[in-house]
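Peer 1: This is the structure I want to talk about, given as structure tokens.
The values are calculated or read from the model by the stated rules, or taken from the named source; none is laboratory data. Quick caveat: nothing in here was measured; it's all calculated off a predicted structure. Glycine gets a Cβ as well: all are built from the backbone with ideal geometry, and neighbour counts include every protein chain shown. In case anyone asks, the SASA skips ligands and DNA or RNA and just uses the protein heavy atoms, side chains included. Shrake-Rupley method; radii C 1.70, N 1.55, O 1.52, S 1.80 Å.
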Amino acid sequence: DVTVYSAGPGALIKNLAAGFTEKTGIKANVFQATTGKVMARLEAESSNPVADVVVSASWGTATDFSAKGLLLPYESPNAETVPDFLKMEGAVAQGVAGLIIAWNTQSGTPKPADWSDLAKPEYKDLVTLPDPAASGGTYTLVEAFLANDMSDVLQGLKDNGAIVAGANKAALNPVLQGAKAAVFAGVDYITMSAAAKGETVEAIFPTSGTVVAPRPIMILKSSQNQDDAKQFVDYVLSEEGQKAVAKVNLMPSRTDIKVDRPLIGDLKLLSNEGAPARDDVLADFKKIFN
Amino acid sequence: MFSKSSAVSGAPALSLQGVSMSYGAEKVLHQIDLNLAAGEVLGLLGPSGCGKTTLLRLISGLLLPDAGQIQIAGTTVAAPRAGITLPPEKRGLGMVFQDYALWPHMSVARNVAFPLEMMRVGASECKDRVTRALDRVGLGAMAERRPSDLSGGQQQRVAIARAIVAEPPLVLFDEPLSNLDRELRETMVEEIADLVADLNLSAVYVTHDHAEALTLANHVAVMRGGWVEQLAAPAELVDHPKTAAVAEFLRLGCLLPALHDAENWLIKGTDLSLPAGVFGGAEAQVLLPEKALRLDANGPNKLKTEVLRAQVRSTGQALTLRVVGTNHVIRHLTPAPVRAGDVLELSFSPEDLRWFPVADPHH
Amino acid sequence: MFSKSSAVSGAPALSLQGVSMSYGAEKVLHQIDLNLAAGEVLGLLGPSGCGKTTLLRLISGLLLPDAGQIQIAGTTVAAPRAGITLPPEKRGLGMVFQDYALWPHMSVARNVAFPLEMMRVGASECKDRVTRALDRVGLGAMAERRPSDLSGGQQQRVAIARAIVAEPPLVLFDEPLSNLDRELRETMVEEIADLVADLNLSAVYVTHDHAEALTLANHVAVMRGGWVEQLAAPAELVDHPKTAAVAEFLRLGCLLPALHDAENWLIKGTDLSLPAGVFGGAEAQVLLPEKALRLDANGPNKLKTEVLRAQVRSTGQALTLRVVGTNHVIRHLTPAPVRAGDVLELSFSPEDLRWFPVADPHH
Amino acid sequence: MAGGSVTTGAEGSVLLKWIATLGLLIVVAIPCLFIVVQAIFPEFGSGSFAAPFSLFFKTLSDPALFGMAGNTLLLGVGTVICAAVFAVPLAALRALYRVPGALIWDGLLLIPFMIPPYIAALGWIMTLQPRGYLEQVTGFNMASLLFSVSGIMLIMGLNTFSVVYFVLSRTFETIGARYSDVGRVFGAGQWRSFWRITFPLAMPGLAASLLLVFAMSIEEYGTPAALGRRIGFEVLVTGIENRISEWPIDLPGSATLSLVLVGMALVAFMVQRWLLNRRDYRIVGGKPQASDKRSLGVWAVPATLLFAFVALLATGLPILAILATALSRTISGGLKPSNMGLDNFRELLGAGSDGLIALGNSLMLGTTTALLAGLLGAITAYSVVKGRGRFRIVLDALSITPNSLPGVVVGVGIILAWNQPWLPITPYNTPFILLLAYVCILLPQPVRYATASLHQLGDNLESAARVSGAGPLRAFTRIVFPLILPSMVTAMILVFAVASRELVASLLVAPVGFQTIAVYIWQQFDQGSAGLGMAMAFCAVLITTLIPLALISLLRWLTRGSVAGLS
Ligand SMILES: Nc1ncnc2c1ncn2[C@@H]1O[C@H](COP(=O)(O)OP(=O)(O)OP(=O)(O)O)[C@@H](O)[C@H]1O
Ligand SMILES: Nc1ncnc2c1ncn2[C@@H]1O[C@H](COP(=O)(O)OP(=O)(O)OP(=O)(O)O)[C@@H](O)[C@H]1O
Ligand SMILES: [Mg+2]
Ligand SMILES: [Mg+2]
């Protein structure tokens, strides 16, 4: 058996577990929640760990766990085509999410092309953005903005009446219903899934570049089922596993999987080099939005 | 809240006409007619469960009659036929509830002050009057206690104080002294009598203590099974009970069944003859009033009795006597030293006897 | 639950030694010593708030004494010094609570059946006994009612039925008949007396009705302010009250202050002389017992009185008499027709007088 | 209670006292203790006692804390006031008069409690925001009210007032009309006798339920997060949730902040104690008095309208919003007929047995929790109210604590407590851990309900049972418990309702692979299927409402009116 703690999306891990069991005959027990809950549970359990494999939505988890020596070093044979920046000792990206502008096509506003468009008068009072304290993606974007001296964009947004609205979903909902026109720092796969369901919303990759959030999968050193865990990681990185990842509109981490959406290679990425520490990022953000 | 001037002058303080009332299917009051003049006290006597409390609840407006009408000081307060029902607060009453019904969340003083507060009496006058009312019932020292920290009798006195503090024109007392000792009871009866007399209040007074009713009331109604059996002044009630049941209930004396045999009245089942009464019919019940009996055997008629029991009382001995030759018992109180087994001769006058038909008027 | 055999045979049914008790800082019982032989009834008399209920609660185990010890049938049930406290359910009691303490969620029959159920009496026997107990108190027809649908007196009778249904060896009655009419009260007193006699039960009987206490009790304790003033058989109590307070409380007669002037005892503030008493000291209180007074002016000593008030009673007239030349009042019951204002001569024998010191032993 | 300094010989059952003590120890004290330990020792999760207090003071010295604490207090007090304003008139009408369709209103007013708060908040947002359902139907929106502090209080008041309504209507029902009638005889009009007598006598119920509401509203996350964030209204829970909603998480910090919440709740608890001990509220005495509900007469229509209005606000609007979302194919499509359909319900039914299994699990857990919490609650309240000694205050305080702790923190405390490697056996990773968590979180409800009821009970009723030969345990089961049963039934229904929709703790401590309704709904949401989630929520509300209603009807039929207050 293998016990997997996974941060969203639920359908993905459900499919992966089912496919894994079908292929190997090994049962996969899944605990699925938000990154925060998964981490809280892991930390609370740390004196007597239960999980074998952890899937997180935040790359920082992997670096931190690795630094604490919690991870089992394992290089999956299927990880060959995963770019280096999505791999490290003990962890590898399962898939990648990108940050975008989520724009309601029926909102009567012009289609934005870049972040700074949302600070224009057409979008006055019509923009939401997730709280970086509650959304890892937004945090990464804000961090990148600060690192690249783009905080004037944030200030512009604020001056244009943008509001900070909880986590990703809470920011997207008013846009879907039409109360707002666009989410600044939306998450690509969520927006694309909504659009696939028929919602009039579009994911726009801003021209000045964006950030991505790789989702690490890692095996805990404390695992009692390390072989099964390794097989699970192999399966996730297999072609079949990566297809499942692509099915929920995430970017597969393997570059050799072809899907019909912008992939990592197609994106202009902002660097996070030289960004301040987390508390300072949040404080700077708060200084602008409050 | 209420004002004495609003009363139609000359109207009776309370008047009930043909009042009936049922709890569900069970009829507990039948055709009650009562009148109470202003400044008078009406005593209500009757066995447990005969409907006294129900009657008070009708008067106070806590229950509505099924039929009949009730007037207080000339104002109709309840008349189902006419669709009139005045709520309790508009009737200008005070009431001592049988179960006291003190408000547990208020101190004794607050309980007593309540009727005054409802009349918007100023704070300092209110305080004075509460103190006076509590002093009247001997609880001046307990004003700040919770009602639950009082003894049963003390709680009852709080209920009395609350009922009289506002000196309402009509006060309803439901066995207000049942849990008090005799000394206190006598004091309280006097207090109440004084209060009624001084302020020209009226009162309806339910009690199980005949002495209380006879002392305090200008008129006494004897109830039985939801009917008023007799309504009369105390002396009249004692001297001329209307039915055997009233005589029995008031413990006026010994009730003997009598048969008219040829020309003599005999105690049924014996050959003891009774003085001839002015009573028609072949069968009767005869009351031999206790107060008509003398132990000195020199009255016109005599009865031989045997002492069954002699019990100590503070004022003498309570004797239970058996009429020799029968099973009928007579009660008699005497200061003389007597023992069980003694044979005593009692004398009485024939005019003291009371004659009743055997059948009951209602039942 | 409890068995009569467990009692140490020959031990008193109840015995209290030096029992004291306070509510917070307020001491309500002082050094109570009482003994009650099996098969006897102890009457408790005393003014409202003197601690009777508290005493019953101590005996039943609902309160714990501060000092002293309590034994029931030879078993120590409470002794704070020795750390003994037997919970109420182990004491084998029945109790009529002053506030009835009926359970509102059970029917009358279920209320009464409860003590039997606690003894695990079989269902059919239980039903019989409940029926019998309810019949005893005259409520056979109301078994299925809820207590809230009964009149006050009916509720009280349910409480009595519940206390006696299990025929416990010791029954505590707290003013059990206070809300019943006199007729019912007399019947119930007899019922209780029969029950106690037939089953050799013992009982403590709190009441405000002297007649009840004197009839039912083999011994009567008169309490005042938390002290037992006197514990004696009824006849003894009436004939030889220990203190003026007892005489006063029992309404035995008129208490006159007396001064020893040279060689005569005079009523204080007057020059009416009293027959010489066997009493040392210069000041005394003299009891002129009501039962010693005769209206026929041929006794050895005489007293001139004026009728202040004559009130109707069912057995005659209750007179309030003023001793001429003083403000002292005497009560007297007479069948004779008398009016206010009449001057009557009362006679008495000097040996009927009772002499008390002026100072109070406790207070 | 009264006469506290007197030693009574009829002590409550020792067994019950032990059950209460042990029960609270296991269910509440141990997880709480671990939360405290976690707050003090940041490394405790991995079994280390290193660096005590290193984060504790840092967290508490955050300058923003003061503002957040102030906002929390403001929110708590405001919610309490809103809840009281909604609940008091309804409860009084319901308890003292024959309100037409009373049972239906009870059922409807139970529903706000069954809708998970985050769903309700979402429902409110989707109804009131610009282009929300309200605007789509009527042309105007109420965004300015919705996104304001008073709006948050109003909505939280609407979500929680049913607690007050149910406790109070029980309390009022016990008081009945008797005592205010006495007031009326002494000249008080209907209103005055209500405000001077009936209302103050209901203080046990009022204080207990408002304490519950206060504790619930200071730990409630969904609504303030959804509405308050936008206007910069930060409360302590948002601070707590932020610390554990994203990587990196800060367990010690959230534990520390939770302690601040507990402190606030304890202050409220002391106020409640003071209120209850100041006076005597024992009105169930040994001389029972019949008390029938009054007829409303001409007021029947206005009273019904009032019930309808509040039910529409508290239940109708959120439910309609949920239904609207569940019936919409897409949210952006709006309320157009072309966009409506049963697709979501069809998908729900077709989604295989997952939903059904979750439903079964939740009902099972809900029922068990209701019974366990009800019993433990009654016993605890009894030991507290009728017992003596300082210890009972500790018990009492402990029993309110879980209510003021955010679910996540309770979850963490439970994991810390029950996942220790040295435990020989542990319920962790079995469904029993959820039971433990639910009982912990929901125990405050039955305890407060029972406390309110017990404060109305005269002492002599139990005394009479003891003298009649019943031991303390039997006196409890035969006399005390039946007398508070009506309250307990209501409490258990509420517990059932909440337990079958509890999310946060369920998410955190549920054994791997074990699903409950709430988790299922949340997962639908998480995939972006708001419609599917709402459909599930709607079905869950329907079921959790119908089950207790059916139970009450059954009970009523079984007892045939012999148990007071089941009406
Ligand atoms: N819970 C209490 N707290 C404080 N004092 C109390 C309490 N209960 C009774 N008392 C006081 O103790 C005294 C004795 O009370 P108890 O009830 O024993 O009197 P009682 O003799 O039964 O009087 P009654 O004939 O009026 O019933 C009274 O003065 C009363 O005020
Ligand atoms: N709520 C009720 N429902 C049904 N019957 C009732 C109710 N209350 C009283 N009764 C019955 O009505 C009758 C009259 O009751 P009421 O209380 O008026 O008697 P009472 O004369 O005051 O008696 P007591 O002297 O015992 O107080 C009684 O037989 C009683 O059983
Ligand atoms: Mg009555
Ligand atoms: Mg008493």
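Peer 1: Where does each of D:48, A:135 land when they are ordered by accessible area, with a 1.4 Å probe and the largest first?
Peer 2: Details: D:48 35, A:135 0 Å².
Most to least solvent-accessible, the answer reads D:48, A:135.
Peer 1: Okay, next question. Under a 1.4 Å probe, what is the accessible area of the stretch D:368-509 per residue, stated in Å²?
Peer 2: 24
Peer 1: Next question, about the same structure. Starting from the Cα of residue B:25, step 7 Å along the direction of its Cβ; do the same at residue D:320; then give the gap between the two resulting points in nm.
Peer 2: 4.8
Peer 1: Gap in Å between the Cα centre of the stretch B:82-145 and the Cα centre of the stretch B:281-341?
Peer 2: Using only Cα atoms to place each centre, the spacing works out to 47 Å.
Peer 1: Which loop GluC sites (Glu not before Pro) in the stretch C:64-144, with loop taken from DSSP, have no more than 10 other Cβ atoms within 10 angstrom of their Cβ? Don't jump to the answer; show the numbers that get you there.
Peer 2: Working: sites: C:89, C:117, C:125, C:144; in loops: C:144.
Taking the stretch C:64-144 and a limit of 10 other Cβ atoms within 10 Å, the loop GluC sites (Glu not before Pro) found are C:144.
Peer 1: Could you report the stretch C:4-239's accessible area per residue, 1.4 Å probe, as an integer in Å²?
Peer 2: For the stretch C:4-239, the per-residue accessible area is 33 Å².
Peer 1: If you rank C:182, D:131, D:170 by how much accessible surface each has, with a 1.4 Å probe, what is the order from largest down? If you can, show how the numbers build up before the last one.
Peer 2: Details: C:182 65, D:131 110, D:170 35 Å².
Ranked from most to least accessible, the order is D:131, C:182, D:170.
Peer 1: Rounded, prolate or oblate: pick one for the stretch B:121-232, where a ≥ b ≥ c are the square roots of the eigenvalues of its C-alpha gyration tensor, a/c under 1.5 means rounded, and failing that, prolate if a/b is larger than b/c, else oblate.
Peer 2: Working: a/c = 2.20, a/b = 1.58, b/c = 1.40.
It comes out prolate by the Cα gyration axes.
Peer 1: Still on this structure, please answer the following. At 7 angstrom along the Cα-to-beta-carbon line, where would the label on residue C:141 sit relative to the other copies? Give the distances in nm, shortest first.
Peer 2: The projected label point of residue C:141 is separated from its counterparts by 4.8 nm.
Peer 1: For the stretch D:235-247, in order, what is each residue's ³J(HN,Hα) by Karplus, 6.51 cos²θ - 1.76 cosθ + 1.60 with θ = phi - 60°, in whole Hz (x at glycine and Pro)?
Peer 2: Result, ordered by residue: 10, 4, 4, 4, x, 5, 5, 4, 6, 10, 9, 9, 5 Hz.
Peer 1: Antiparallel as a % of all DSSP beta bridges within the protein assembly as shown, to the nearest 5? Spell out each step's value before the answer.
Peer 2: Numbers: 145 of 196 bridges.
The antiparallel proportion sits near 75 percent.
Peer 1: Please report how far the C-alpha centroid of the stretch D:214-233 lies from that of the stretch C:38-52, rounded to the nearest whole angstrom.
Peer 2: What the calculation gives is 64 Å, centre to centre.
Peer 1: Quote the Stokes-Einstein diffusion coefficient, in whole µm² s⁻¹, for the stretch B:252-356, based on the Kirkwood radius over alpha carbon pairs, a temperature of 37 °C and a viscosity of 0.692 mPa s. Present the calculation step by step, with values, prior to reporting the outcome.
Peer 2: On the way: Rh = 14.1 Å.
Answer from the Stokes-Einstein relation: 233 µm²/s.
Peer 1: To one decimal in nm, how far is residue C:304 from the same spot in the other copies, if labels go 7 Å from Cα toward Cβ? Please give the shortest first.
Peer 2: 4.6
Peer 1: Once the Cβ-Cβ distance between residue D:394 and residue D:64 is put in as r, and R0 is 45 Å, what FRET efficiency do you end up with, to the nearest 0.05?
Peer 2: Details: r = 32 Å, r/R0 = 0.72.
For residue D:394 and residue D:64, the calculated efficiency is 0.90.
Peer 1: How much FRET efficiency would the formula 1/(1 + (r/R0)^6) give for residue B:127 and residue C:197, where r is the Cβ-Cβ distance and R0 is 35 Å, rounded to 0.05? Don't jump to the answer; show the numbers that get you there.
Peer 2: Working: r = 54 Å, r/R0 = 1.55.
Efficiency for this residue pair is about 0.05.
Peer 1: In this model, which of A:169/A:286; B:242/B:268; B:304/C:291; A:158/A:243; C:242/C:268; B:291/C:304 are farther than 30 Å apart at the alpha-carbon? Can you show the working numbers first?
Peer 2: On the way: A:169/A:286 20 Å; B:242/B:268 22 Å; B:304/C:291 24 Å; A:158/A:243 39 Å; C:242/C:268 22 Å; B:291/C:304 24 Å.
Over 30 Å Cα-Cα: A:158/A:243.
Peer 1: Answer rounded, prolate or oblate for chain A, using the Cα gyration tensor with square roots of eigenvalues a ≥ b ≥ c: rounded when a/c is under 1.5, else prolate when a/b is larger than b/c, else oblate. Before the final figure, lay out the partial values.
Peer 2: Details: a/c = 2.03, a/b = 1.65, b/c = 1.23.
Taking the square roots of the gyration eigenvalues as a ≥ b ≥ c, chain A is prolate.
Peer 1: Let me check something: with ligands and nucleic acids excluded, how do A:192, C:188 order by accessible area (1.4 Å probe), largest to smallest? Don't jump to the answer; show the numbers that get you there.
Peer 2: Values: A:192 40, C:188 5 Å².
The ordering from most to least exposed comes out as A:192, C:188.
Peer 1: Based on the alpha-carbon gyration tensor of the protein assembly as shown and its eigenvalue square roots a ≥ b ≥ c, which shape applies: rounded if a/c is under 1.5, prolate if not and a/b is larger than b/c, or oblate?
Peer 2: On the way: a/c = 3.01, a/b = 2.54, b/c = 1.18.
Since a/c reaches 1.5 and a/b is larger than b/c, the shape of the protein assembly as shown is classed as prolate.
Peer 1: How many percent of the accessible area of chain A is carbon or sulfur, using a 1.4 Å probe?
Peer 2: Numbers: 5230 of 10470 Å².
Taking all protein chains in place, chain A shows 50 percent carbon and sulfur surface.
Peer 1: Kirkwood Rh and Cα-based Rg: tell me the resulting Rg over Rh for the stretch B:99-164, rounded to two decimals. Walk me through the numbers before you get to the answer.
Peer 2: Details: Rg = 10.6 Å, Rh = 11.4 Å.
Answer for the stretch B:99-164: 0.93.
Peer 1: Next up: If all Cα-Cα distances of the stretch A:143-260 are sorted into 5 Å bins from 0 onward, what percent lands in each bin, rounded to whole numbers?
Peer 2: Reading the bins upward from 0: 2, 9, 14, 16, 16, 14, 12, 9, 5, 2, 0.
Peer 1: Based on the Cβ-Cβ distance of residue B:239 and residue D:550, what FRET efficiency does E = 1/(1 + (r/R0)^6) give at R0 = 56 Å, to the nearest 0.05? Display every interim value, and only then the final one.
Peer 2: Numbers: r = 69 Å, r/R0 = 1.23.
Given R0 = 56 Å and the Cβ-Cβ separation, E is 0.20.
Peer 1: Pick out which of A:44, A:11, A:244 has the largest mean-square fluctuation in a Gaussian network model of chain A, springs linking Cα atoms closer than 10 Å.
Peer 2: Ranking A:44, A:11, A:244 by mean-square fluctuation puts A:44 first.
Peer 1: If the cut-off is a Cα-Cα distance under 15 Å, which aspartates and glutamates reach residue A:268, setting aside same-chain residues fewer than 8 apart in sequence?
Peer 2: The reachable aspartates and glutamates, counting only those whose Cα sits under 15 Å from residue A:268, are A:114, A:188.
Peer 1: One-quarter of the Cα convex hull surface for chain D, in nm²?
Peer 2: Numbers: hull surface 111.4 nm².
The directionally averaged projection comes out at 27.8 nm².
Peer 1: Right, here's the next one. Based on a Kirkwood Rh over C-alpha pairs, give the Stokes-Einstein translational diffusion coefficient of the stretch D:59-305 at 4 °C and viscosity 1.567 mPa s in µm²/s.
Peer 2: Values: Rh = 20.1 Å.
Diffusion coefficient, whole number: 65 µm²/s.
Peer 1: Given a 1.4 Å probe and the protein chains all in place, what does the accessible area of residue D:291 round to, in Å² to the nearest 10?
Peer 2: 60
Peer 1: In nm, what does the list of distances from residue C:200 to its counterparts in the other copies look like, shortest first, when each label sits 7 Å along Cα to Cβ?
Peer 2: Taking the point 7 Å beyond Cα along Cα→Cβ, the inter-copy spacings are 6.8 nm.
Peer 1: Got a number for the accessible area of residue D:247? Probe 1.4 Å, square angstrom, nearest 10.
Peer 2: For residue D:247, the solvent-accessible surface is approximately 30 Å².
Peer 1: Let me ask something else. Which value, in square angstrom to the nearest 100, describes the accessible area buried between chains C and B on both sides, using a 1.4 angstrom probe?
Peer 2: On the way: alone 17310 and 17340 Å², together 30650 Å².
Accessible area lost upon association: around 4000 Å².
Peer 1: Okay, next question. Determine the relative contact order of the stretch C:252-356: mean sequence separation of Cα pairs under 8 Å and six or more apart, normalised by residue count, in whole percent.
Peer 2: Numbers: 228 pairs, mean separation 32.9, N = 105.
About 31 percent, as a whole number.
Peer 1: Next question. Net charge within 14 Å of residue C:145 by Cβ-Cβ distance, Lys/Arg positive one each and Asp/Glu negative one each, not counting residue C:145 itself? It would help to have the intermediate numbers written out before the result.
Peer 2: Numbers: positive: C:110, C:146, C:157; negative: B:26, C:144, C:149.
Net local charge, residue C:145 excluded: 0.
Peer 1: Roughly how big is the C-D contact, given as buried accessible area in Å² (both sides, 1.4 Å probe, nearest 100)?
Peer 2: On the way: alone 17310 and 24200 Å², together 38620 Å².
The buried area between C and D, both sides summed, comes to about 2900 Å².
Peer 1: Apply the Karplus curve 6.51 cos²θ - 1.76 cosθ + 1.60, θ = phi - 60°, to the phi angles in the stretch B:150-161 and return the couplings in whole Hz, x for Gly and Pro.
Peer 2: Along the stretch B:150-161, the couplings run 10, 6, x, x, 5, 4, 4, 5, 4, 4, 5, 4 Hz.
Peer 1: Where only protein heavy atoms count, and the probe is 1.4 Å, what is the accessible area per residue for the stretch B:252-356 in Å²?
Peer 2: Values: 4990 Å² over 105 residues.
Normalised by residue count, the accessible surface of the stretch B:252-356 is 47 Å².
Peer 1: Okay, moving on. Can you tell me the relative contact order of chain C? Whole percent, Cα pairs under 8 Å, sequence separation 6 or more. Kindly include the intermediate steps, with their values, before the conclusion.
Peer 2: Details: 744 pairs, mean separation 53.8, N = 363.
Once normalised by length, the contact order is 15 percent.
Peer 1: Follow-up. In whole Hz, with x marking every Gly and Pro, tabulate ³J(HN,Hα) for the stretch C:104-118 from phi via Karplus 6.51 cos²θ - 1.76 cosθ + 1.60, θ = phi - 60°.
Peer 2: Result, ordered by residue: x, 8, 10, 5, 3, 5, 5, 4, 5, 6, 3, x, 5, 4, 5 Hz.
Peer 1: Chain C: which residue's Cβ hugs the C-to-B rotation axis most tightly, distance rounded to whole Å?
Peer 2: C:178, 2
Peer 1: The stretch A:62-116 to the stretch D:272-316: how many Å between their Cα centroids?
Peer 2: Taking the Cα centre of the stretch D:272-316 as reference, the centre of the stretch A:62-116 is 58 Å away.
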